[in-house]
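What follows draws every value from the coordinates through simple rules; no lab data is involved. Model, not experiment: these values are computed from the prediction. Virtual Cβ from ideal backbone geometry, glycine too; neighbours counted across all protein chains shown.
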Amino acid sequence: MKFVKIPKERVGAIIGQGGETKRFLESRTGLRINIDAEEGEVSFDETKTEDPLMPLKIMDIVKAIGRGFAPQKAFRLLDDDEYLELIEIDDYVGKSNNALIRVRSRVIGAGGKTRRIIEDLVGVNISVYGDTVGIIGNSVQMPVARKAVDMLLSGSEHATVYKFLERKRAELHIAEMGFEL
């Protein structure tokens, strides 16, 4: 049995309205998923699948939903070459709650503008939840998005990050068309 612990307030998102999210995940993966709402634990038996990567994909999907992603965005992880990366904001600011709030706000931007710009220019999904920044993207998008978030967390000006993203946008389009850089 594999276990993933998530915040209790995110258990409802894993279950979904009327259990639809859990049912979809079970039908798509072929695995029975057990959810302990009291403890915030999600478990499944990884030996009951033919695909050796499926347990890892389910763990990432559950972690993603637990870290604030909408289930539909987390289901992107079922595809090949889609990955979840969690960046700990504490690694940049320490345990100061004021610094955590300030830096988290830098990544989100006014009205969600900065997060939306990164998502639109790079093609990733980003969730800022608690003391983590979650990124879902493919192997071409992930390094660019990770660098942009790292720049923001390290204190770079927003304009500098936007210029970096604009420079990388052409490279991303070329890579997505199948050409090597």
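Thr132's amide H: which non-local residues (gap 5+, or another chain) put their own amide H closer than 5 Å, with H modeled 1.01 Å from N in plane and none for Pro or chain starts?
Counting only residues 5 or more places away or on other chains, the set is Ile89.
Relative to the present Cα-Cα distance, how much length would full extension add between Lys5 and Gln72 at 0.36 nm per residue of separation?
Between Lys5 and Gln72, full extension yields an extra 22.1 nm.
Is the chain rounded, prolate or oblate when judged by the Cα gyration tensor, a ≥ b ≥ c being the square roots of its eigenvalues, rounded requiring a/c under 1.5 and prolate requiring a/b larger than b/c?
Taking the square roots of the gyration eigenvalues as a ≥ b ≥ c, the chain is oblate.
P(r) for segment 2-70, please, calculated from all Cα pair distances in 5 Å bins and given in %.
Histogram of Cα-Cα distances, whole percents per bin: 3, 19, 32, 28, 13, 4, 0.
Give me the net charge for the shell around Ile15: Cβ to Cβ below 11 angstrom, other residues only, Lys and Arg +1, Asp and Glu -1.
With Lys, Arg at +1 and Asp, Glu at -1, the net is +2.
Among Lys63, Lys8, which comes first, then next, by fewest other beta-carbon atoms within 10 Å?
Lys8, Lys63
Work out which GluC sites (Glu not before Pro) in the chain are exposed loop sites (DSSP not H, G, I, E or B, at most 13 other Cβ within 10 Å) and give the longest gap free of them.
The answer is 51-156.
Using a Förster distance of 22 angstrom, determine the FRET efficiency expected from the C-beta separation of Lys163 and Ser105, and round it to 0.05.
0.60
Once the dipole of segment 2-70 is set up with Lys and Arg at +1 and Asp and Glu at -1 on Cβ about the Cα centre, which of Ile15, Phe3, Val42 lies farthest towards its positive end?
The residue sitting farthest along the positive end of the dipole is Ile15.
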